[in-house]
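Derivation of every value follows stated rules applied to the coordinates shown; laboratory data play no part. Keep in mind that what you see is a predicted model, and the values were worked out from it rather than measured. As a convention, Cβ positions derive from the backbone with ideal geometry for all residues, glycine included, and neighbour counts pool all protein chains shown.
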Amino acid sequence: MLETMTFISYSRRDQEFAIDLATKLRMAGAKIWMDALDILPGQDWEREIEKALYACERFLLILSPSAVDSDEVRAELNLARQENKNVIPVLHQECKIPFRIKHIQYCDFTSNQDAGLRRLFAAFGLKFSSASSPTSSAADAKTSIRQAPSPTSSAPPWASHHGQDQYGRFADFTIAEITQRLRWIPPGEFLMGSPPEESGRLDRELQHRVQISSGYWLFDTQVTQALWQAVMGTNPSRFKSPMRPVESVSWDDCQDFIQHMNDHLSGLKCRLPTEAEWEYACRAGTTTPFNTGENLTTDQANYDGNYPYRNFPKGKYREETSPVGTFPSNAWGLYDMHGNVYEWCSDWYAKDYYETCRSQGVAVDPQGPKKGSSRVLRGGYWGSYAVNCRSASRNDYRPGYRGTYRGCRLLGVPQFS
């Protein structure tokens with residue numbers, strides 16, 4: 001039953017609710033298709049929606065006044081009914097139920113979201129746990145959760161430009177005429193690590209539930225050589241070009257860079273992401289080996305195409321870095337989360353740390369071990385096999401070591417008064 005594909009239909013005003021619901025269902029094992037999460041840049045929006053509608057077996061309809069008034073939602077519902085799809089209405093906001101589905105029992109989220117989610121999980125044949133619930137508390141996770149305020153629609157004090165697009169909220173800062181874009185990553189829960197059946201997984205990828213309690217800003221690209229040069233006055237990279245990622249930098253080098261970065265910015269404190277924050281952003285709601293799905297091609301990322309994932313066709317081997325943003329972004333507007341250069345994370349590495357996290361039921365904002373001899377690296381690089389570019393794949397190295405495949409991506413924490 002879990003292999004049944006479910007299409008989510010919703011109005012744009014309900015997108016945040018729809019993404020949250022899709023993420024919870026995917027985490028529980030459901031196969032979900034949602035346009036905002038699954039249509040890649042460059043694909044034909046209408047064609048992909050139509051293909052998914054014909055391919056799905058379930059049609060999850062999120063109901064609200066804006067959905068009832070939406071021509072697109074009505075058209076999707078009509079096609080679903082014509083094709084005899086299993087329609088499951090979800091009442092997000094009080095509204096008039098469309099006549100064509102008045103006879104179908106719906107899941108009511110308006111008065112009690114926990115009860116609504118329980119009924120929906122039952123309809124999918126999924127096991128419900130308190131961690132799935134939108135009302136699950138810090139007590140459930142046996143640890144405290146600090147809820148940071150969400151950014152307002154006004155410009156952050158450090159931003160030279162800001163706005164919102166199909167990926168969500170963004171803001172730019174500029175240093176010495178070099179501009180860097182950041183994406184707002186909302187708080188949420190996800191399954192970190194890889195399931196036992198994932199091809200190429202290692203024991204150190206034990207799957208466990210993680211809660212990211214506070215939103216954060218994340219560079220949409222790896223740190224470029226241009227930005228490193230503007231901040232540090234040097235460029236240590238081997239493959240020199242302003243818009244390629246900086247490489248040949250150690251974890252310790254990144255700490256110096258961060259200190260200088262923070263001297264330039266007011267209202268934003270930059271640091272390396274934790275391993276959990278990195279994987280949460282990389283996945284962007286996906287549960288597959290890559291945020292691109294079951295496969296990663298060399299048209300989607302820079303890695304050694306002579307060694308594709310599983311039995312998929314071979315691709316290119318570029319033998320060097322590529323300019324940041326060359327390949328399509330993930331669903332949250334982040335580029336090169338797979339390949340190009342490895343990205344340092346803040347955590348010390350320990351193989352058994354995931355076991356500690358799993359024992360907590362829900363690990364809230366895990367920071368990694370308190371000590372160690374090596375730091376975590378994520379994402380793979382231009383010479384990696386595809387299997388080592390998976391969302392769950394982990395690597396580590398001594399914090400003082402440099403190499404032509406080590407770079408970084410910074411996280412920014414808003415500084416609220």
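To test your reading of the geometry: what angle, between 0 and 90 degrees and rounded to tens, separates the Cα axis of helix 15-27 from the longest principal axis of the chain?
Here the helix axis deviates by roughly 80 degrees.
Starting from 0.36 nm per residue, how many nanometres of slack lie between residue 243 and residue 78 once their C-alpha separation is accounted for?
Full extension from residue 243 to residue 78 adds 54.7 nm.
For the chain, set up a GNM with springs between Cα atoms under 10 Å and report which of 339, 42, 116 has the largest fluctuation.
42
Place a label point 7 angstrom from the Cα of residue 20 along the Cα-to-Cβ direction, then list the residues of the stretch 82-96 whose backbone nitrogen is under 17 Å away.
In the stretch 82-96, the label zone of residue 20 (backbone N under 17 Å from the point 7 Å along Cα→Cβ) covers 90-94.
Kirkwood Rh and Cα-based Rg: tell me the resulting Rg over Rh for the chain, rounded to two decimals.
0.97
Test of understanding: ordering 264, 161, 208 by Cβ neighbours within 10 Å, fewest first, what list do you get?
Ascending Cβ contact count within 10 Å gives the list 161, 264, 208.
Of 67, 128, 97, which is farthest along the charge dipole of the stretch 5-132 in the positive direction, counting Lys and Arg as +1 and Asp and Glu as -1 at C-beta?
128
Measuring from centroid to centroid over Cα atoms, what is the spacing of the stretch 258-291 and the stretch 29-51 in Å?
25
For every helix of n ≥ 4 consecutive DSSP H residues, a contribution of -39,500 (n - 2.57) applies; sum these over the chain, divide by its total residues, and give [θ] at 222 nm rounded to the nearest 500 deg cm²/dmol.
Theoretical 222 nm ellipticity from helices: -6500 deg cm²/dmol.
Angle check, please: helix 71-82 long axis (alpha carbons) against the longest principal axis of the chain (alpha carbons), in degrees 0 to 90, nearest 10.
60
Using a 10 Å cut-off around each Cβ, can you sort 337, 243 from fewest to most neighbouring Cβ atoms?
Lowest count first: 243, 337.
For a test of understanding, tell me how many lysine pairs in the stretch 5-132 have Cα atoms under 16 Å apart, given they are 8 or more places apart or on different chains.
The result is 6.
Output the peptides 376-389, 306-319 sorted from most to least packed, where packing is the average of other Cβ atoms within 10 Å over each peptide's residues.
Result, highest mean Cβ count within 10 Å first: 376-389, 306-319.
Can you list the trypsin sites (Lys or Arg not before Pro) in the stretch 152-249 that are in a DSSP coil and have 15 or fewer other beta carbons within 10 angstrom?
For trypsin sites (Lys or Arg not before Pro) across the stretch 152-249 that sit outside H, G, I, E and B with at most 15 neighbouring Cβ atoms in 10 Å, the list reads 238, 240.
Roughly speaking, what is the centre-to-centre gap between the stretch 97-111 and the stretch 365-417 when only Cα atoms are used, to the nearest Å?
A separation of 46 Å, based on Cα centres.
Sort 114, 365 so that the residue with the fewest other Cβ atoms within 10 Å of its own Cβ comes first and the one with the most comes last.
In increasing order of surrounding Cβ atoms, one gets 114, 365.
Assuming a ≥ b ≥ c are the square roots of the Cα gyration tensor eigenvalues, decide whether the stretch 168-240 counts as rounded (a/c under 1.5), prolate (otherwise, with a/b larger than b/c) or oblate.
Cα axes put the stretch 168-240 in the oblate bin.
Where Lys and Arg each count +1 and Asp and Glu each count -1, what net charge lies around residue 324 among other residues with Cβ under 10 Å from its Cβ?
My count for the surroundings of residue 324 gives 0.
Using alpha carbon coordinates only, what is the Rg to Rh ratio of the stretch 5-132, with Rh defined as the Kirkwood radius?
0.93
Can you spot the aspartates and glutamates whose alpha carbon is less than 12 Å from residue 314's alpha carbon? Ignore those fewer than 8 places along the same chain.
Correct list for residue 314: 299, 304.
Given Cβ point charges of +1 (Lys, Arg) and -1 (Asp, Glu) and nothing else, what value in debye, to the nearest 20, does the dipole of the chain about its Cα centre take?
Computed charge dipole of the chain: roughly 620 debye.
Give the lysines whose C-alpha is closer than 21 Å to that of residue 370, dropping any in the same chain fewer than 8 places away, or say none.
142, 351
Starting from the stretch 85-131, pick out the trypsin sites (Lys or Arg not before Pro) whose DSSP state is loop and whose Cβ has at most 16 other Cβ atoms within 10 Å.
Qualifying residues, ordered by number: 96, 102, 127.
Assign unit charges at the C-beta atoms only (+1 for Lys and Arg, -1 for Asp and Glu), then state the dipole size of the stretch 210-346 relative to its Cα centre in Debye, rounded to the nearest 20.
About 300 debye.
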